[in-house]
């Protein structure tokens, strides 16, 4: 069980640091570094969903701009929205 969670965390770290744009690499990399160790199983699932969203929508969501998709109101999205980089 612990090995599975550690493997998931490694994938989350990798996916947050290699996005496609340097801005999102840095923003998501810093966000994940700060909050990953505090996450439980449900939070990890929410992180994975957050990382599946394209960079433009994530950037717009973070900056309070209009997005093409509807973001869920959950712990991880709220932490990301209020994260100060």
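Name the single residue, out of those in region 10-55 being over 12 Å from the mean Cα position of the chain (by Cα) and within 17 Å of residue 85 (Cα to Cα), that is surrounded by the fewest Cβ atoms within 10 Å (Cβ to Cβ).
22
Please work out if residue 58 is under 17 Å from residue 18 (Cα atoms) and crowded, with 16+ Cβ neighbours inside 10 Å. First the steps, then the outcome.
Values: under 17 Å from residue 18 (Cα atoms): yes; crowded, with 16+ Cβ neighbours inside 10 Å: yes.
For residue 58, the condition - under 17 Å from residue 18 (Cα atoms) and crowded, with 16+ Cβ neighbours inside 10 Å - is met.
Look at region 73-85 and say how many of its residues are modelled with pLDDT of 95 or more and in contact with a helix residue (DSSP H, G or I) (Cβ under 8 Å, 6 or more places away or on another chain).
Total satisfying the criteria: 8.
The values are calculated or read from the model by the stated rules, or taken from the named source; none is laboratory data. Only a predicted model underlies this, so the values are computations on that prediction, with no experimental measurement involved. Virtual Cβ from ideal backbone geometry, glycine too; neighbours counted across all protein chains shown.
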